[in-house]
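In what follows, a structure is listed as structure tokens, so that the remarks can point back to it.
The values are calculated or read from the model by the stated rules, or taken from the named source; none is laboratory data. Please read all numbers here as calculations on a predicted model, not as lab measurements. Here the Cβ positions follow ideal geometry from the backbone for every residue, glycine too, while neighbour counts run over all protein chains shown.
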Amino acid sequence: MSERTSPPATSPPRSASLRWRVLLVLALAAIVPTIIVGVLAIVRARDDVQREVIRGALAHIRALGSALDGTLQDSRRTVELAAATWADAPDDAQRTQLLLKRLRRDVPIVHALSILDADGKLRYGDPVPAGAAVGSHSFGGYVGDAVHAEGRPVVHLVVQARGRTGELIGVFVASLDLGFVRDLLAAARLGPGARVVVVDGAGVPVASSDGGPLGTSSLAGKDPAVDRALASSVEGTLSTAGWISAYRNLSSYQSLRGVRWAILHQQPEDQAYALARRTTRDTLIIGGVALALALALGGFFATRLTRPLAALAKRADAIAAGNADRAPPIAGPGEIGVLGQRIDEMARRIAERSELQSALARGDRLASVGVMSAQVAHEINNPLTTVLGYAKLLAEDKPDGHPDRAGLDLIASEAERMKGIIGGLLEYARTPRQSEREIGAGTDLGPRAKPDAPPSTEPATVMRHVGALLDPQLKKARAKLVTRVESTTPVAIDAHALQQVLVNLVQNAAQAMTATPDGESSGRTITITAKPAPGGIATLITVADEGPGVPAADRGRVFDPFFTTKAAGVGTGLGLAVCKHLIATAGGSIELGDGPNGRGAEFRLVIPNAR
Ligand code: ADP
């Protein structure tokens, strides 16, 4: 036993959830690159800024250091020159005083200046400053460590004065005031919060860019950067306690070799890296705005994308509910548009199929009615023949003017009419072969095929026969029959059946034109044409008239049995039904359209060609 599966229950519209899903995908597609790009930009900017800050600080202290070194070395050279000059006339006191005066003027940073003899006794100038190491090692000039003397930072300069033959004549001892370092630092252009400090070998500040009182307490052991600077032989950086320090040991200058002091550039990290912070903030803001924009655009496009889908779902629902016409057709881009077209096509086919089904059901009903009518007609036919025969016999017996004569004639003519209807009914129920053998009496279907009926199924021959048969009727109706033959191929239909169909169509045309009042606008020409149908395997026969045509409302029904617009007694409504039946039996088709110039009726028959 086969198990039947029930159709799936109708699920609620899912377009909303689809929209959110599309939005989520778009959001992810937007967020991930934004975050990656943002983080990369932030890290990169931070690194760049840090590198630049450190490079800038180092460059700064290098420049300051070399300026400082340059000043000291200039002073040393000047003192050396003075010593050499003095050595030429060491005993000339007046000249020596003049020399000392000039030296003080040329070396403004000189704080104290003494000239000692070869034994170390003071000969000229100031008393020898404490801490100045005067020894043979100071040959050629010696700049000592930075020290504090009398509360001010100084360095000692010791230069030997030798005669032309190289003998030691005396020693120049100068104490150089490092106050100029403060001026140098004060003139330096520093970043926000930054300061530059020069410390002596003991870590005591010699000068500071912030210009405050220096004191004599050492920074060694308090500021790790100072310790690092004094211990290092060159330069470096240190980040500690929220400060970024760049340092350089000034003894690294070739000309200052032996002097222990250092220069430091220090800046709070948050101020040093303010640019990096600003870049981070700007990147975050721009990223956020870009993200919001991407989401807004994403939302817009997600809605646009899902709207046709929602419409599709709506349309599918309408089709399922049988209201395909109510929902508008779907027009969308790309695949959605194609899907919409397919759904419309499907709806059209479903509609066609249901129309076909109802047509079939109607056809079944009509067929049953036809069978029943044929049986009734058959049963009535015999008694009716008797009635007709006797009415005629009785009428013949009565002389003209006899009171019964008119009544008997009426009985006979009405019986004739009833036989006509019955003949039509029987015709509809019979096959063409039967119709060929059993030729009924004339009905509105026209005279039945006669024994000299066309032997050929060439359309031209049949059309000629039809013309000959209907000539009297056409004359009476003052109608003209025009035939045009463009195909000589015989058609695969019984010749009598084809003749019967054409007779019926021409008769209908003549009746329709007769019903039209004569006027300029209405013609009286019936045109039958035969030409090859497209495809070459069938023949197209058209019967066109210049009558009023068939109203649109009636077009679907003219082929139904018993549909007639003619007066009772004139039409039976069986003619076109029989025509359709005969043509369909031959495997052809018949349809109704407008006449050639948009007026009148045109019946188009497509009949397969005989092989
Ligand atoms: P009947 O001629 O007995 O009415 P038919 O089946 O031949 O039956 O025709 C059905 C109906 O079709 C006619 O009553 C008429 O209204 C319409 N009809 C047929 N042919 C024509 C035509 N050439 N012009 C206008 N109406 C026509």
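Go through segment 455-465 and give me each residue that's within 13 Å of T529 (Cα to Cα) and either of a type in the set (A, V, I, L, M, F, W, C) or touching a strand residue (DSSP E or B) at 6+ places or on another chain (Cβ under 6 Å) (or both). If you could, list the steps in order and put the result at the bottom.
Of all residues in segment 455-465, those within 13 Å of T529 (Cα to Cα) come to 458-464.
Across segment 455-465, the qualifying residues are P459, A460, V462, M463.
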Query raised in the report: Got at least one residue in segment 522-529 being under 19 Å from M463 (Cα atoms), away from the ligand (no atom under 11 Å from the Cβ), modelled with pLDDT under 90 and of a type in the set (A, V, I, L, M, F, W, C)?
Result: no
**Report entry** Wholly enclosed strands (runs of 3 or more DSSP E) of segment 495-601 bearing at least 2 residues surrounded by fewer than 22 Cβ atoms within 10 Å (Cβ to Cβ) and in contact with an Asp or Glu (Cβ under 9 Å, 6 or more places away or on another chain)
**Finding:** 525-532, 589-594
Query raised in the report: Counting just the residues of segment 257-276 that are surrounded by fewer than 20 Cβ atoms within 10 Å (Cβ to Cβ) and over 17 Å from I54 (Cα atoms), which one comes out modelled with the highest pLDDT?
Result: R260
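P551: out of contact with any Lys or Arg (no Cβ under 6 Å at 6 or more places or on another chain), touching a residue at least 40 places away in the same chain (Cβ under 8 Å) and within 11 Å of the ligand (Cβ to nearest atom), yes or no? Steps first, please.
Working: out of contact with any Lys or Arg (no Cβ under 6 Å at 6 or more places or on another chain): yes; touching a residue at least 40 places away in the same chain (Cβ under 8 Å): no; within 11 Å of the ligand (Cβ to nearest atom): yes.
Here the answer is no, as P551 does not meet what is asked.
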Report summary line: Filtering segment 49-90 for residues that are out of contact with any Leu (no Cβ under 9 Å at 6 or more places or on another chain), of a type in the set (D, E, K, R) and more than 16 Å from A161 (Cβ to Cβ) leaves a count of 4
Query raised in the report: Mind checking whether some residue in segment 466-475 is buried (at least 24 other Cβ atoms within 10 Å of the Cβ) and over 15 Å from K531 (Cβ atoms)?
Result: yes
Requested in this report: Determine, yes or no, whether A30 is within 44 Å of the chain's Cα centre (by Cα), surrounded by 18 or more Cβ atoms within 10 Å (Cβ to Cβ), more than 21 Å from V197 (Cα to Cα) and in contact (Cβ under 8 Å) with a residue 24 or more places away in the chain.
Outcome: yes
Report task. Keeping to segment 49-68, report how many residues are touching a helix residue (DSSP H, G or I) at 6+ places or on another chain (Cβ under 8 Å) and of a type outside the set (A, V, I, L, M). Result -> 2
Query - Verdict on L498 being more than 12 Å from the ligand (Cβ to nearest atom), under 28 Å from E414 (Cβ atoms) and at pLDDT 90 or above - result: no
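Looking at T457, T461, which is the one that is assigned to a loop (DSSP other than H, G, I, E, B), over 60 Å from the mean Cα position of the chain (by Cα) and modelled with pLDDT of 60 or more?
Result of the check over T457, T461: T457.
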